[in-house]
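One structure is given below, encoded as structure tokens.
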Amino acid sequence: MVEGARADWVWSVERLRAGRPPPPLRGPPPPTGEDLARVSISTPLKAKLMKLFLDTADVAVIKDMVPTGMVDGVTTNPSLIAKSGRNIAEVIAEICALVEGPISAEAVSLDFETMVKEGDKLAAIAPNVVVKLPLTWDGLRACRVFTDKGIKTNVTLCFSAAQALLAAKAGATFVSPFVGRLEDNGADGIALLEEIRVLYDVHGFETQILAASLRNVAHVAAAAVAGSDAATFGADTFKALVKHPLTDRGLDAFVADWAKTGQSIL
Ligand code: E4P
């Protein structure tokens, strides 16, 4: 399924690059072998920086990671707030003061009216709060309300391309497909990211794909290759991103060889 959708996308990209009219939204003819041979899917249509978010409600962890200069935002959820043992409004306010980028704070009620009230209260905490809403009909209705008010949203608990389509149609700023939890259930989470990328590009949706429930370095790299706009993961994975045994071994050798020279650069 992904292969077919990816092929359509490749074909669409080639048409746009060649200055030909964009493809019809339904039923594009399959690409020819020549079409595919001329297109490199590794060349993005537009340059964009992938954002890296910390998935935590632990302020100490965020303070520890901010000096890396790599924390573009933070995501929280009710479980992470519970784990922090703190009041949600207080902890979100502190996080918003530490990190300028988008800070997701999740509404917890399941009905539309209460969800909107909760979202309004969370959004009032700071201008960089993103109201996180579940992928339900009520959550999607609430998403439309916040989008129309100019408040950013993150539609969470996304496990299918059909759900991602609905989030985009509701005007979500971000959609959060849960890679790790799909894998926990024997499904291919990275394939879902690829499928949503195709879907959004073919139809021109601006909702950003926020790869979530990423559990390791390989997940983060694969999410990036799949064209995710952002990725969120815990501090352990964040710290592990920089590590490679050959980097350590190479550095040890350089330090040892340099010591033998007796020189100093300063
Ligand atoms: C992101 O928004 C979610 O809160 C988070 O990534 C879920 O991760 P988990 O499946 O490891 O709990």
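Values quoted throughout were computed directly from the atomic coordinates according to the rules given, and no laboratory measurement underlies them. Note that this is a predicted model, so its numbers are computed, not measured. We place every Cβ from the backbone using ideal geometry, glycine too, and count neighbours over all the protein chains shown.
Straight-line cross-link reach from LYS63 at under 28 Å between alpha-carbon atoms covers these lysines, not counting any fewer than eight positions away in the same chain: LYS48, LYS51, LYS83, LYS121, LYS132, LYS152, LYS239, LYS243. The equivalent ellipsoid that matches the C-alpha gyration tensor of the stretch 205-266 spans semi-axes of 38, 12, 10 angstrom, in descending order.
The amide H of THR153, built 1.01 Å from its N in the peptide plane, has VAL131, THR173, PHE174 as neighbours under 5 Å, considering only residues 5 or more places off or on other chains. Our summary gives the stretch 48-245 a relative contact order of 18 percent, counting only alpha carbon pairs under 8 angstrom and 6 or more residues apart.
For the stretch 48-245, the Cβ-based charge dipole about the Cα centre amounts to some 160 debye (Lys, Arg positive; Asp, Glu negative; other atoms uncharged). Of the GluC sites (Glu not before Pro) found in the stretch 176-209, those in coil by DSSP whose Cβ has at most 11 other Cβ atoms within 10 Å are GLU206. Judged by the mean number of other Cβ atoms found within 10 Å, the most tightly packed of the peptides 67-79, 238-250, 148-160, 165-177 leads the ranking 165-177, 148-160, 67-79, 238-250. Using the Kirkwood formula over every pair of different C-alpha atoms, what hydrodynamic radius in Å results for the stretch 71-212? That comes to 15.2 Å for the stretch 71-212.
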